[in-house]
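A short write-up of the structure that comes next.
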Amino acid sequence: MSRGDAADAATLAPDDAFAVLANETRFEIVRALWELYEPDDPANVVKFADLYDGDTAVTFSELYDRVGYGDTGNFNYHIEQLTDHFVRRTDSGYELTEAGFEIARAVIAGTVSERPSIDTAEIDATCPRCDAPVVVSYENHHVKVSCSQCLGIWQNAAGDEGVLFTFAFPPAGLSHRTPDEAFHATLAYNFNRIRSFIHGVCPDCSSVVEGSLDICEPHEPGGRGGCPDCHRRHRIEVSTVCNRCKSVARGPLTIAIFAHPTLISFLHDHGAVHHFASWETFHLAQTVSEDVVDTDPVRIRLTVPCDDDRLQLTLDESLEVVDAITKLSVDG
């Protein structure tokens, strides 16, 4: 089968996919093809686009020797079980399909084999609420960032413990990074995922995502921590969910609007260097005020201060900006 035949590959049901990969030999074939793959080869850069004549597939004999299986007949059977789903056959041999690459990446990234951790460490960042030093830790594939003094942005139901944020982060991201570097890498990784969700595309499977707003009606955050009803300091939270692969992004609406071109233009006009996937964005988001103007239809006004000016954005339920006003004085 040539590379152009990829679209003809049969779709594999989830249960069948797990069954195929449960066999140790088949999984070793996927791993071997991953290890033999050369990403710098120009033919692999546009691997499935037929723009190069080169065929970089691995021959049967090379793959057989690599895996170290003792029976060529059975080995061929295992390859056939993978073919069209996780492995593609070309004129020269075998290579991974995109699904095969995803399986290999999951293992290489350590999401199913490693349990690294970071002991709680103070980093070079200050809390957007009280300016105290920020501390970071890593456990169960999540980076937890907290204030060393206050209860942060989200609190538990008892109101006695809180965080600034908790984000998923693949274990491989900790390699060769200090706690400070892991902190900034976590923000870049997750904010870029959030940007994809905002644009309606699941960053994991590319499916359509559905968004909704969670508005806390009796919102009354206390001086020490969050609201006793929603356990957070921000009143409005946006949730985007992929119903196909179940990926989800959830967080303050104030962060989501920092990817909007109207706001980016406003900050640029005021000489502010704005990088969405950054700690600065998280900091700036905490300065934004939020008001529910109407509930039928939903209208939410967010006010963003910058120097002596402020930008008022009115959003509908789908997060579309329906009105934008720049005021020249915070006090005006």
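May I ask you to derive the FRET efficiency for ASP214 and GLU38 from their Cβ-Cβ distance with R0 = 45 Å, giving the value to the nearest 0.05?
After rounding to 0.05, the efficiency reads 0.45.
Note on the range 200-288: percent of Cα-Cα distances in each 5 Å bin, starting at 0 and stopping at the bin with the largest distance, equals 3, 13, 17, 19, 17, 16, 11, 3, 0. When both the range 181-218 and the range 235-275 are represented by their alpha-carbon centers, they are found 8 Å apart.
Label sites at ASN76 and ASP229, each approximated as a point 7 angstrom past Cα along Cα to Cβ, lie 7.0 nm apart.
Placing pseudo-labels 7 Å out from each Cα toward the beta carbon at THR287 and VAL107 gives an inter-label distance of 4.9 nm. The label-point distance for GLU122 and SER318, in a model that sets each label 7 Å from Cα toward Cβ, rounds to 4.9 nm. What residue among LEU263, GLN286, ALA324 has its Cα farthest toward the positive end of the dipole of the chain, where the charges are +1 on Lys, Arg and -1 on Asp, Glu, each on the Cβ? Toward the positive end, the furthest listed residue is GLN286. As a length-normalised measure over Cα pairs under 8 Å and 6 or more apart, the relative contact order of the range 257-327 settles at 20 percent. Of the residues HIS176, HIS184, HIS268, the one with the fewest other Cβ atoms within 10 Å heads the list, and the complete ranking is HIS176, HIS268, HIS184.
Net charge dipole, the chain: roughly 600 debye, given to the nearest 20, about the Cα centre with Cβ charges of +1 for Lys and Arg and -1 for Asp and Glu. Projecting the Cα atoms of ALA22, GLY251, GLN155 onto the dipole axis of the chain, where Lys and Arg carry +1 and Asp and Glu carry -1 at the beta carbon, places GLN155 farthest toward the positive end.
The numbers here are math on the coordinates, done by the rules we state, and not lab data. On a predicted model such as this, the values are computed, not experimentally measured, just so you know. Every residue, glycine among them, receives a Cβ derived from its backbone with ideal geometry; neighbour counts consider all protein chains shown.
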